[in-house]
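Worksheet for the structure shown next.
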Amino acid sequence: MTPVDSHGLISIRRSTHSPVITMVGAAVLVGLLSAAPWIVSQSLASILMNFFILVIMATMWNLLAGYAGMVSIGQQAFVGLGAYATLYLAIKGMNPFVTIPLAAAACGIIALPITYLLFRLRGGYFSIATWVIADTAMLIIGTIALLGGGTGHLVPGLSNLSPTALTDAEYLATWIVALLVVAGTYFLLRSRVGLVLASLRDNEVAARSAGVRVTSARRMVFVIAAAGCGAAGAVLAISQPFVQPGNEFNLQWSAEMLFVSMIGGLGTIEGPILGSIVFFVLQQSLQQQGAWYLIIFGALAMAVAIWQPRGLWGAFRDRFHMELMPVGHWVRETKRPK
């Protein structure tokens, strides 16, 4: 407690509710999702896998744009490179599931020198440059005969499992990667790095004047986001084992990342998760409606951008003063005890 005057105190807390409730709820949710392959149908497990992949991508995109101010429309470059890293290592005889962390690391390493080119640009120029890099990566991969060229290649090493065992393994791999990405982002934002990113998000000029190494912070975030998208690409290659450039480097991935982050709420951990839930509910409900499917998506995006620019989770948080994964602090004035 910090005194403010003779009538009250300032209460500073991480959350407005008991963290025990959040921890118990998180433990139950993690347990249920971990056991999902054995308690839900295979079709629902497949939908959940695609949901987790989108959560991974959107969380990484939100870390870039929502915290570091880098609006990328080329993150599909690292999704594709992660998928092809898994394919290459599997062709060389490695278990595809073991390649996931290696694919993520490879994408992070590739991203590091790319930052020295991209960070010379700002705003729309930066965004377009990321798209150019993604298309360049796709064209280069398409010329490599070992990886199937432009027609694609099947990921080897998965046929020795039965269909049921393979589905269970694919689900658990995707779920574990999603859990690690979300948890890792949460702990990153609660660290000193999170304070730096919050200062960048609020006012870059003020952050620079306070001595924040803005370029270094952004470079680190870009590399982390590239590694996360690479991990998403790796599990995508395992869950959809025929890898081809047109699918893995598809601009649709960046469009979906942007959509769910904006709908859910930029600059929050919960936002991309909520946005992904909205996306999949609409997708499963409206996929039989033809062109109306995309029209409704676009109308929803415009409505949120105009009337609720902080996203659905931002509106919920402002209304009920609640966060499931708090990374900041709530400051309230309380009455002085008599």
task: Could you check Tyr125 against (1) closer than 19 Å to Ala231 by Cα; (2) surrounded by fewer than 23 Cβ atoms within 10 Å (Cβ to Cβ) and say which number it fails?
output: (1)
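Do the conditions hold for Ala85, that is, is it more than 23 Å from Val177 (Cα to Cα), of a type outside the set (Phe, Trp, Tyr) and crowded, with 20+ Cβ neighbours inside 10 Å?
No, not satisfied.
Using the structure shown, decide if Arg310 is basic (Lys, Arg) and either touching an Asp or Glu at 6+ places or on another chain (Cβ under 7 Å) or at pLDDT 80 or above (or both).
Working: basic (Lys, Arg): yes; either touching an Asp or Glu at 6+ places or on another chain (Cβ under 7 Å) or at pLDDT 80 or above (or both): yes.
Spelling it out, Arg310 is indeed basic (Lys, Arg) and either touching an Asp or Glu at 6+ places or on another chain (Cβ under 7 Å) or at pLDDT 80 or above (or both).
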query: Restricting attention to region 14-43, which residues are among the β-branched types (Val, Ile, Thr), over 24 Å from the mean Cα position of the chain (by Cα) and at pLDDT below 80?
result: Thr16, Val20, Ile21
query: Got a sec? Which of Ser127, Ser159, Ser72 is assigned to a loop (DSSP other than H, G, I, E, B), in contact (Cβ under 8 Å) with a residue 40 or more places away in the chain and hydroxyl-bearing (Ser, Thr, Tyr)?
result: Ser72
query: Filtering region 165-222 down to residues that are β-branched (Val, Ile, Thr) and free of Cβ contacts under 8 Å to residues at least 24 places away in the same chain, which residue is surrounded by the fewest Cβ atoms within 10 Å (Cβ to Cβ)?
result: Val205
task: From Ser254, Ser261, Ser239, Ser276, grab the single residue that is surrounded by fewer than 23 Cβ atoms within 10 Å (Cβ to Cβ), in contact with a helix residue (DSSP H, G or I) (Cβ under 6 Å, 6 or more places away or on another chain) and in contact (Cβ under 8 Å) with a residue 60 or more places away in the chain.
output: Ser239
statement: With criteria (1) surrounded by 24 or more Cβ atoms within 10 Å (Cβ to Cβ); (2) of a type in the set (S, T, N, Q); (3) not in a helix (DSSP H, G or I), Asn95 comes up short on (1)
task: With the checklist (1) outside any helix (DSSP H, G or I); (2) in contact (Cβ under 8 Å) with a residue 24 or more places away in the chain in hand, flag the one item Ile110 doesn't pass.
output: (1)
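The values are calculated or read from the model by the stated rules, or taken from the named source; none is laboratory data. Just so it is clear, the model here is predicted, and its values are computed rather than measured. All Cβ positions, even for glycine, are placed from backbone atoms using ideal geometry, and neighbour counts span all protein chains on display.
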